[in-house]
1. Within segment A:554-582, can you find the residues that are assigned to a loop (DSSP other than H, G, I, E, B) and more than 7 Å from every other protein chain (Cβ to nearest Cβ)?
2. Could you say which residue among B:K341, B:K372, B:K377 is touching a strand residue (DSSP E or B) at 6+ places or on another chain (Cβ under 7 Å), surrounded by fewer than 17 Cβ atoms within 10 Å (Cβ to Cβ) and farther than 25 Å from B:Y280 by Cα?
3. Please find, within segment B:45-56, the residue that is nearest to the other protein chains (Cβ to nearest Cβ) out of those that are surrounded by 18 or more Cβ atoms within 10 Å (Cβ to Cβ) and of a type outside the set (A, V, I, L, M, F, W, C).
4. Go through A:R121, A:R130, A:R125, A:R141 for me and flag whichever is basic (K, R) and within 7 Å of another protein chain (Cβ to nearest Cβ).
5. Of the residues A:E407, A:E431, A:E419, A:E444, only one is part of a strand (DSSP E or B) and surrounded by fewer than 18 Cβ atoms within 10 Å (Cβ to Cβ); which?
6. Residues to consider are A:D588, A:D594, A:D599; find the one that is of a type in the set (D, E) and either modelled with pLDDT of 95 or more or buried (at least 20 other Cβ atoms within 10 Å of the Cβ) (or both).
7. Please tell me if A:R270 is surrounded by fewer than 14 Cβ atoms within 10 Å (Cβ to Cβ) and not small (G, A, S).
8. Looking only at strands (runs of 3 or more DSSP E) that fall completely inside segment A:170-247, which ones have 2 or more residues that are open to solvent by 10 Å² or more (accessible area, probe 1.4 Å), assigned by TED's automatic domain parsing to the domain that holds A:V560 and not hydroxyl-bearing (S, T, Y)?
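The values are calculated or read from the model by the stated rules, or taken from the named source; none is laboratory data. Treat the numbers as computed from the prediction; the structure is a model and nothing was measured. Because the Cβ atoms are built from the backbone with ideal geometry, glycine has one as well, and the counts that use them run over all protein chains shown. Surface accessibility is based on the protein's heavy atoms, side chains included, excluding ligands, DNA and RNA. Shrake-Rupley method; radii C 1.70, N 1.55, O 1.52, S 1.80 Å.
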2 protein chains.
Amino acid sequence: MFRTKTCGELRIADIHNEVTLAGWVQTVRKFGSITFVDLRDRYGITQLLFSEALNDQLDANPLGREFVLQITGKVSERSNKNKNIPTGDIEILVDRFSILNKSITPPFTIQDETDGGDDLRMKYRFLDLRRNAVKKNLELRYAINRATRNYLHEQGFMDIETPFLIKSTPEGARDFVVPSRMNPGEFYALPQSPQTFKQLLMVSGYDRYYQIVKCFRDEDLRADRQPEFTQIDCEMAFVEQEDILNTFEGLVKHIFKAVKGIDYTEAVTRMSWEDAMWQYGNDKPDIRFGMQLLNIKAPAHVYVQKERNEALVAGAGFGVFDDAETVLAIAAPRCSEYTRKQTDELTEWVKRPQIGMKGLVFIKCNADGSFKSSVDKFYSEDRLKAIAEAAGAKPGDLILILAGAEERTRKAMSELRLEMGKRLGMRKDDEYRLLWVLDFPLFEYDEEGNRWVARHHPFTSPKPSDIDTMIGNNPKIENAATYLSHPYANIKANAYDMVLNGNEIGGGSIRIYQKELQQKMFEALGMDEQEQQHKFGFLLGAFEYGAPPHGGIAFGLDRVCAILGGSESIRDFIAFPKNNSGRDIMLDAPATIDDKQLDELQIKIDLK
Amino acid sequence: MFRTKTCGELRIADIHNEVTLAGWVQTVRKFGSITFVDLRDRYGITQLLFSEALNDQLDANPLGREFVLQITGKVSERSNKNKNIPTGDIEILVDRFSILNKSITPPFTIQDETDGGDDLRMKYRFLDLRRNAVKKNLELRYAINRATRNYLHEQGFMDIETPFLIKSTPEGARDFVVPSRMNPGEFYALPQSPQTFKQLLMVSGYDRYYQIVKCFRDEDLRADRQPEFTQIDCEMAFVEQEDILNTFEGLVKHIFKAVKGIDYTEAVTRMSWEDAMWQYGNDKPDIRFGMQLLNIKAPAHVYVQKERNEALVAGAGFGVFDDAETVLAIAAPRCSEYTRKQTDELTEWVKRPQIGMKGLVFIKCNADGSFKSSVDKFYSEDRLKAIAEAAGAKPGDLILILAGAEERTRKAMSELRLEMGKRLGMRKDDEYRLLWVLDFPLFEYDEEGNRWVARHHPFTSPKPSDIDTMIGNNPKIENAATYLSHPYANIKANAYDMVLNGNEIGGGSIRIYQKELQQKMFEALGMDEQEQQHKFGFLLGAFEYGAPPHGGIAFGLDRVCAILGGSESIRDFIAFPKNNSGRDIMLDAPATIDDKQLDELQIKIDLK
């Protein structure tokens, strides 16, 4: 060993002991004839003191930032203690030292707040990884990984590895493919998830499977997407939805406790997809705060079970509301005294292209019980009061109203709600609120193809009460204009998403396990029998040999880490991430390959 | 939940309790009006008793093998107890039942000894996985996985994920490549190991890294190779070889204890590569037994430090020995009374094409101290006695001698030694003998290219005492005939293999961490500066910024499982293995992909 102790462990109890440390030079400071060095390793920082006697050697072997240094010396009590670090009570009186390796000047500072830009830090990722901020992220990731394994082990789950070189079955996202040299003209695909394998393991009787596993999707990347990402992938047999919800809220609570010390004792909130859409305008609401949406006007076809409040705004001659497909309101607490400048700024905010609305209507609920709105011309005080009451607004609140086409307006209002929640301090960093969203629609309508697509994936089962509807009806949509009246439009899925502070962190479903129902599902998605056999013949085959009822869930580990680490970006929690073009800047990958390799694979590049 | 108990947990203490079980029908037996069913799940088998009262229902819903069945009933004491299974004291008096899913007749029996051939079992892997024998293998694998993680965690190692979409740097084995849609004409490669990443993590200060990770090699497959395989991949900084050996023999001992209950308390044997080759004829000797090789004649250039015993056979006029490059002997204990038939059979054995020798010479060391050999014509009793003494043969032993070209003869003798060890019961299934093989040559001579190749990989460091030799000499081989006198031929590597019962289960090295030495290594392997930069620029770059001394090891998890599971084939320990053509027969992968996919990737198939 090059050391007897680490740079993080020496304390006042160690004084007078001789130790050998090895690590990186964080700083070198000279005070008169004495040199102080902060030596850093994975475990911490320890101050070294080089006395005058070593000056000749230091002159001959000058130390620089990020040099790898080995020293031997005596632990000594510091006169000016540093209360900010655990080793701050001591320093090492260096007896001898050896430079194990030198460093040229790093392109950015190795500090919590670095001066390096994103690209530079990606290129020199091996230096960025030295920064304490990044190290803490990877330590958090490992802690979550370990807590997950321990919990699932206790619950009887078995880690079983599934293959990476599988078959391409393009559904939804694009596959990455791998040309096979031994089978020329044929390709493997990298798994988008081990979905069918974990289902086969249930058919095989393994009962409780899990894996922390890399998955791959060849999608155009957004800031928070990576072509390779990690899933906590789980499946259980002989269970119903309730069992899965209980098991996996247990997992998340265990992780909270293990890595954040949080006792999340309360029950996890459950909400139907319909309620989420109706009350929050999206399917992954942040329920750390209220400010729910009031649906003042909604198209008849949307969320039909819910009461519409159309009377509140209809027939007042205000064209914007009268002509709009949807009118939505939220009540921002204690904002009635917003100035013109503030309301104008909010109006500009919703007009930005990302939000895309034409304007914002305000109703101030004054502290004295009176109302003041930007549409006073059209609405009497009584009508304003009725809106305020319906929106749950109190005196002192500010009602914000958006109107327009259904989907865009709902999305915009959801964004506006989150923005107001943030501005008003209602989305607290240290508050964690879990939510199950349930009862998703099984199908979504694909306008382009005038057909049904699976909202989740083709293996998700319908609610038991909807199975007859699914089996008994022809999935064909005769008339695009009336697709909503097709019986399939109302089939609900046995599916569930787990949402944490407005982020979907996991999702799953009870699966189809009957061959006939699975075939009907494939048929509904437009696959003929030949295609079904080619793509999923093995699964349909497996369902003939005694498939048990089963279901599962997958969590996005990268995202779980990011949220618990208090960051927006999953990239900060991946040791070697790729940029938005799917490039590893450090490696300079992807890259061209040798002609010999192409030749052996019997493929050609064919640039358009 | 579809059950209140599993099929493996009910005992005599549970009688009179009502339970609900779910599982698969293993067998159905009718005795008069009573039906017995063995119900199987992951945890075991429980006997069910259907009384006459259920016969109408059974007639309406007949049960078959592998049906998925849910039953509710009372636990009852069995009259004829089955001592072979843990639940053998009880049975369930079925009150009601429900068929959760049916099964058509499986293509082979779901039993320890199945009637299914390899191909059939691969095609219906989901059924093969139901067999207890296969399940035990996957359970062993999970236990090894978990023991590994627990030990490494205790030792301060951190699990850090490295990327799967990296850069192709063909050295040694072929890469699998992945065309990039976002970067047309460019390819990612799948990692053959996370080698450079774990070294970068050491440069980043992570100090103790591990990962249980899939790796990929596009090689022509042998029976015990898979295109994707799993490594226990580890790296440590600020360590020397001794630290790594101690840490990882600790790991293997911990695994022995955790999964086999074996206390492996003795020190792990250490042997130089040269001794292994000299005494056992190969670099992964099975040291459960002796029967070492006696080198009666060896070419002058081989293992020069070792004493040659040429005088024992030279100059007796026996052309086979006189002309042979190498003559090797082993003494098989207690075999002097082998019959002519037996010695002939052994001779045939070495003549098989896999071994490829021309013949086998015998010396019987008779119990009375006399000798009888197939070469009596050429060798006096005294010379035979001298050979016997040198070979450590005792009265009653049989000396086997092979002669021929160095490499083939050594290989053949190594095989013959293993075969004799097996026949004589000296390779016991329940005995585990660990061995470190050390001090490998750093380079191997590549005849075809008349150049040096890395025996291990290009990141392995030479012994400190050999660094000057390496730096100070031109790697160029002027004359192929005398390559052995090149100074590089004698450079030893800081490398180590762990061998278990004659199988290499892990290997690693202390790495190069100095840029200049790494460049010299690349140069020695024939890479010019441009190629070095293109392939490994990121690593050379990293070595400029303070790389610490480091080293590591990787274990082949599939093989560790196979050996501890007592099997020859790693395939039995992989949930979804591929066949020898790299095909997943169950999925039918690889397969053709859509033209649209090729189009988007901007590649074309170009079959020869």
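1. We begin by selecting, within segment A:554-582, every residue assigned to a loop (DSSP other than H, G, I, E, B); these are A:565-569, A:574-582.
Those that are assigned to a loop (DSSP other than H, G, I, E, B) and more than 7 Å from every other protein chain (Cβ to nearest Cβ): A:G565, A:G566, A:S567, A:E568, A:S569, A:I574, A:P577, A:K578, A:N579, A:N580.
2. On the way: B:K341 fails: touching a strand residue (DSSP E or B) at 6+ places or on another chain (Cβ under 7 Å); B:K377 fails: touching a strand residue (DSSP E or B) at 6+ places or on another chain (Cβ under 7 Å).
Just one listed residue meets the conditions, B:K372.
3. Within segment B:45-56, the match that is nearest to the other protein chains (Cβ to nearest Cβ) is B:T46.
4. Numbers: A:R121 fails: within 7 Å of another protein chain (Cβ to nearest Cβ); A:R125 fails: within 7 Å of another protein chain (Cβ to nearest Cβ); A:R141 fails: within 7 Å of another protein chain (Cβ to nearest Cβ).
After applying the criteria, what remains is A:R130.
5. Values: A:E407 fails: part of a strand (DSSP E or B); A:E431 fails: part of a strand (DSSP E or B); A:E419 fails: part of a strand (DSSP E or B).
Result of the check over A:E407, A:E431, A:E419, A:E444: A:E444.
6. Details: A:D588 fails: either modelled with pLDDT of 95 or more or buried (at least 20 other Cβ atoms within 10 Å of the Cβ) (or both); A:D594 fails: either modelled with pLDDT of 95 or more or buried (at least 20 other Cβ atoms within 10 Å of the Cβ) (or both).
Just one listed residue meets the conditions, A:D599.
7. On the way: surrounded by fewer than 14 Cβ atoms within 10 Å (Cβ to Cβ): no; not small (G, A, S): yes.
Criteria not met by A:R270.
8. Values: elements: A:177-179, A:187-189, A:208-216, A:228-237.
Counting at least 2 such residues, we get A:208-216, A:228-237.
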